[in-house]
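The structure appears below as structure tokens.
The values are calculated or read from the model by the stated rules, or taken from the named source; none is laboratory data. None of the values given here were measured: they were computed from a predicted structure. Note that each Cβ is placed from the backbone with ideal geometry, even for glycine, and that neighbours are counted across all protein chains shown. Ligands, DNA and RNA are excluded from the accessible area calculation, which covers all protein heavy atoms including side chains. Shrake-Rupley method; radii C 1.70, N 1.55, O 1.52, S 1.80 Å.
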Amino acid sequence: MSTVEAPTKKRAQITAKTLRTDNWLNYPIFIVVLFTAWVGYATFRSLMGKYYWVEEYNYLTPFYSPCVSSECVEGSAHFGTFLPELPFFIPLAAVSLPFLLLFRLTCYYYRKAYYRGYWASPPACAVREPHKKYTGERRFPLIGQNLHRYFWAAAVVVSLINTYDALLAFTDADGGFRMGLGSLILLGNVILLWGYTLSCHSCRHIVGGRLKSFSKHPIRYRAWTLVSRLNERHGQYALITLGSLVVADLYVALVSGGVISDPRII
Amino acid sequence: MSYQAKFRVWRGDAGEGELVDYTVEVNEGEVVLDVIHRLQATQAPDLAVRWNCKAGKCGSCSAEINGMPRLMCMTRMSTFAEDEVVTVTPIRTFPVIRDLVTDVSFNYEKARQIPAFDPGDAKPGELRMMQEDVQRSQEFRKCIECFLCNNVCHVIRDHEENKPAFAGPRFLMRIAELEMHPADRSDRRNIAQEDHGLGFCNITKCCTEVCPEHIKITDNALIPLKERVVGRRYDPLVWLGAKLGIVKKSEDTPSA
């Protein structure tokens, strides 16, 4: 009795990098342009060392919050100036900015974005990546992505400080209630920052995702449900807050530099 | 309303083959699988194609249509312009048997390696689950095992050498489902990382993008599983808590 040989096991030999016909390059290009421009702006502004505080209206830009160096302009240091004068390459908000940067760098949404945009790993779905070898997030330095929850905790503290700054922008020098366009911009920015921070995947895990049984923990289940709803829009918050941070900072810089005047509402 | 569509279909076996051009009739309301069947009936009787339910529920007709992994039965022809060339190729990650049919046995081998549900000492009929606990894993149970997620995942799509160490999104999702199960007694976090390659995943979300059942594989299975693994292996506070006896450590599931 004759037997039939099974066919050799090989993938279909298709040489094209991809057969996709849609505009798959749009997303990685958008990410590279947006992130590069943002990092450039944020580096420039956080090292600029001026135009970050408007004394008249208590406006402090989030890029200098909390201002903790002895160089900080009088009135802008709400939590003391426990750091000495810093070299030019260290921002005045040296206690918050590195953690915020690491929070965003290890964020699950940003990881997707920069792995696709900068590292082409992969550039888009079903598009061949250029790397010969791939080891994922199992080794140093990428194994450090697993510390995301700690940077999230730091981001919660900084968001509380930003909230304090935004509320302060609704007061005048005597502590009375005042409101200008800047107060609303700073408040809007803080609300979006909370949206980004609370929609974080690590937050979702800590709040209730780590549980095996929801029915035994009804309050945490409720909290998890709320965070899950926010989490669906985590990527949107991640991108929107890049814009809101720039808007808030630029507005404070322009008012502080006397380029524009702040329209007063109350 | 009918029109003549231009199709390019990969034909060949044992890996060797080429894209062959065809012009095929398309009628209103048809999907790609209908056109492939017409092609088979009228011009290419030896064209191999795997299909079954024609309703997006069996997961048999996975292919790559214009480069994107999709089910042929769920891809409407109305999504293409009439003058557009529609390219249909076999799913790229698995070895081809003939034409559009691939050997997906990799997935069944991986499935066998996932330790089964472990109810501990509970006897049949004793387990009770509340709706909120059922709901969580119900999303993952929608999986039709079309293996488009495993096909699109660049970890094995672009790196064949990673196949022994990586179970793919479909089976990492299965581990997540069991890990979240309130009645399951096993701690699967170590094996998820060590044996099934969760650390390879860099969460680029392609599995979620191609899932025909719209399961949020990355957000609801892979990232929660990664967070659980962090708690087991990489969190210094949990480690300290375990050393001081504050955090209870459960037994690891033995490796397969």
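What order, most packed first, do the peptides B:2-10, A:10-18 have when packing is the mean number of other Cβ atoms within 10 Å of each residue?
B:2-10, A:10-18
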Report task. Could you go through the stretch B:194-200 in sequence order and give the Karplus-derived ³J(HN,Hα) for each residue, using 6.51 cos²θ - 1.76 cosθ + 1.60 with θ = phi - 60°, rounded to whole Hz, and x for Gly and Pro? Result -> 6, 8, 10, x, 4, x, 6
**Report entry** Label-point gap, in nm, between B:D103 and A:H131 - each point 7 angstrom along Cα→Cβ
**Finding:** 2.9 nm
Query - Mean ellipticity per residue at 222 nm, deg cm²/dmol - from DSSP H runs of n ≥ 4 across chain B, formula -39500 (n - 2.57) - result: -7500 deg cm²/dmol
Query - Degrees, to the nearest 10: A:181-198 long Cα axis against longest axis of chain A - result: 40 degrees
Query raised in the report: Local charge sum around A:G136 (other residues, Cβ-Cβ under 14 Å, Lys/Arg +1, Asp/Glu -1)?
Result: +3
Query raised in the report: Using θ = phi - 60° and the Karplus curve 6.51 cos²θ - 1.76 cosθ + 1.60, what whole-Hz ³J(HN,Hα) does each residue of the stretch B:43-56 get, with Gly and Pro shown as x?
Result: 10, 10, x, 9, 5, 8, 8, 9, 7, 8, 8, 6, 9, x
Query - Reciprocal of mean inverse Cα separation for chain A (Kirkwood radius, Å) - result: 21.3 Å
Requested in this report: Report the Cys residues of the protein assembly as shown lacking a disulfide-compatible partner, meaning no second Cys Cβ under 4.7 Å from their Cβ.
Outcome: A:C107, B:C61, B:C73, B:C143, B:C146, B:C153, B:C201, B:C211
Query raised in the report: What is the percent of Cα-Cα separations in chain B that go past 28 Å?
Result: 43 percent
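Size of the dipole of the protein assembly as shown about the Cα centre, Lys and Arg at +1 and Asp and Glu at -1 on the beta carbon, nothing else charged, in debye to 20?
I would put it at about 1220 debye.
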Requested in this report: Choose one answer from A:L184, A:L250, A:L211: the residue with the largest mean-square fluctuation in a GNM of chain A with alpha-carbon springs under 10 Å.
Outcome: A:L211
Query raised in the report: Looking at the square roots a ≥ b ≥ c of the eigenvalues of the Cα gyration tensor of the stretch B:105-243, which shape do they give, rounded for a/c under 1.5, prolate if a/b is larger than b/c, or oblate?
Result: oblate
Query raised in the report: Assuming a viscosity of 0.890 mPa s and a temperature of 25 °C, what translational diffusion coefficient in µm² per second does Stokes-Einstein assign to the stretch A:121-266, Rh being the Kirkwood radius over Cα pairs?
Result: 133 µm²/s
Query raised in the report: Could you work out Rg/(2.2 N^0.38 Å) for the protein assembly as shown, with Rg from alpha carbons only?
Result: 1.15
Query raised in the report: Mind checking which of B:S62, B:S186, B:S105 has the largest fluctuation in a GNM of chain B, springs on alpha carbons under 10 Å?
Result: B:S105
Query raised in the report: Taking the stretch B:3-102, how much of its Cα-Cα pair set, in percent, is spaced more than 21 angstrom apart?
Result: 24 percent
Query raised in the report: What angle, in degrees between 0 and 90 and rounded to the nearest 10, separates the Cα long axis of helix B:32-42 from the longest principal axis of the Cα atoms of chain B?
Result: 40 degrees
Report summary line: Amide H proximity to A:S215 below 5 Å, modelled H, separation 5+ or other chain, gives B:D133
Report summary line: Regression test value, accessible area per residue of chain A, probe 1.4 Å, units Å², expected 51 Å²
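What is the mean number of Cβ atoms from other protein chains located within 10 Å of the Cβ atom of each residue in peptide A:126-136, rounded to a whole number? Intermediate values should be presented prior to the final figure.
Details: counts 17, 5, 4, 5, 1, 3, 3, 3, 10, 7, 12.
Mean partner shielding for this stretch: 6.
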Query raised in the report: Where is the GNM fluctuation largest for chain A (alpha-carbon springs, 10 angstrom cutoff): A:H217, A:H201, A:H148?
Result: A:H217
Query raised in the report: Relative contact order for the stretch A:1-118 using alpha-carbon pairs under 8 Å, separation at least 6, rounded to a whole percent?
Result: 24 percent
Query - Protein-protein interface of the stretch B:75-110, residues with accessible area decrease of at least 40 Å², isolated chain reference, 1.4 Å probe - result: B:R92, B:P95
Requested in this report: Enumerate the calculated ³J(HN,Hα) couplings along the stretch A:146-158 in order (Karplus 6.51 cos²θ - 1.76 cosθ + 1.60, θ = phi - 60°), each rounded to whole Hz, writing x wherever the residue is Gly or Pro.
Outcome: 5, 8, 3, 4, 6, 5, 4, 4, 5, 5, 5, 4, 5
**Report entry** Cα long-axis angle, helix A:108-117 against chain A (0 to 90 degrees, to the nearest 10)
**Finding:** 70 degrees
